[in-house]
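Encoded as structure tokens, the structure appears first; notes follow it.
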Amino acid sequence: MMNVNIGTLDRILRLVAGLLLAGIGAAMASGGWAIAALAIGAVMILTAVVGFCPAYTLLGIDTRSRRPRAS
């Protein structure tokens, strides 16, 4: 089961960076760098939309803000 482990700011930054990389890859149109930029951009967009990053799970990272509970 996938649990959300990406916070709002992280999701926004991933989405913007992913769109930029995908745009650069599409503009280059061919070659290894274009394919790499498109692939990395697509993964960044996907993780931003879903809110789950498998690498964060492996590294034990969670960027969601946690508010302390009122006692």
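The values are calculated or read from the model by the stated rules, or taken from the named source; none is laboratory data. It should be emphasised that the depicted structure is a prediction, and the values quoted were computed from it without experimental measurement. In case anyone asks, the SASA skips ligands and DNA or RNA and just uses the protein heavy atoms, side chains included. Shrake-Rupley method; radii C 1.70, N 1.55, O 1.52, S 1.80 Å.
Data for the structure
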| quantity | calculated |
| --- | --- |
| Mean Cα-pair separation over length for the chain, i.e. relative contact order, pairs under 8 Å, 6 or more apart, % | 45 percent |
| Rg/Rh ratio calculated on Cα atoms of the chain (Kirkwood radius) | 1.13 |
| S30 accessible area, assembled protein chains, probe 1.4 Å, Å² | 90 Å² |
| Degrees, to the nearest 10: 8-28 long Cα axis against longest axis of the chain | 10 degrees |
